[in-house]
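First the structure, then my questions, so here it is.
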């Protein structure tokens, strides 16, 4: 089945960003270590065994802002070095459908990555980390993006590269296609 045939029945096509449309030029393990070190020195919490996303969920208030600052700086650096993945070449073909992006990355990171890879003009709606109270795999960001695209969940598909993307789609009751099926 062709790539377009897989998507032909959907009004809205929503993509994950990093690992699906682009690869950010950042070292996630170094980012995690820097965030953990910052947590220890800034507010005395040992978060060294947590992932980046677990760290963000575990703290609130000013502490979260401090960790967000480290992550945002690293993401934006990585966004300027982003490289388009082959699936991104499909975006110009989706002119009869609404296209959205749902990402765990910051809005600025997403904007820079989409602009630096020439993809921004193909995206109708973006829901980034700060646009939703909850993060993937919670369905809230995906549902918000579908609403921004003025589509129903039954008319939408979510394309991602990770298990959390599949779980997000399942929890939102939205069709899911693994990005690797397009390669």
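Every number in this text was worked out from the coordinates using simple rules, so none of it is lab data. Here the structure is a predicted model, which is why all the values come from computation and not from measurement. Glycine also receives a Cβ, built like all others from the backbone with ideal geometry; neighbour counts cover every protein chain displayed.
Using a Gaussian network model of the chain with C-alpha springs under 10 Å, which one of 162, 64, 32 is most mobile by mean-square fluctuation?
Comparing 162, 64, 32 in the GNM, the peak value goes to 64.
Can you sort 124, 96 by how many other beta carbons sit within 10 Å, fewest first?
96, 124
Could you work out which residue, out of 30, 11, 97, moves most in a Gaussian network model of the chain, that is, has the largest mean-square fluctuation with Cα springs under 10 Å?
Its mean-square fluctuation being the largest, the pick is 30.
Between the alpha-carbon centers of segment 5-73 and segment 122-183, tell me the distance in whole angstrom.
Centre-to-centre distance over Cα atoms comes out at 17 Å.
Nearest 5 is fine: what % of DSSP beta bridges in the chain come out antiparallel, could you say?
So the antiparallel bridges amount to about 10 percent of the total.
Name the most mobile residue of 119, 47, 17, meaning the one with the largest mean-square fluctuation, in a Gaussian network model of the chain with Cα contacts below 10 Å.
Taking springs between Cα atoms under 10 Å, the residue moving most is 47.
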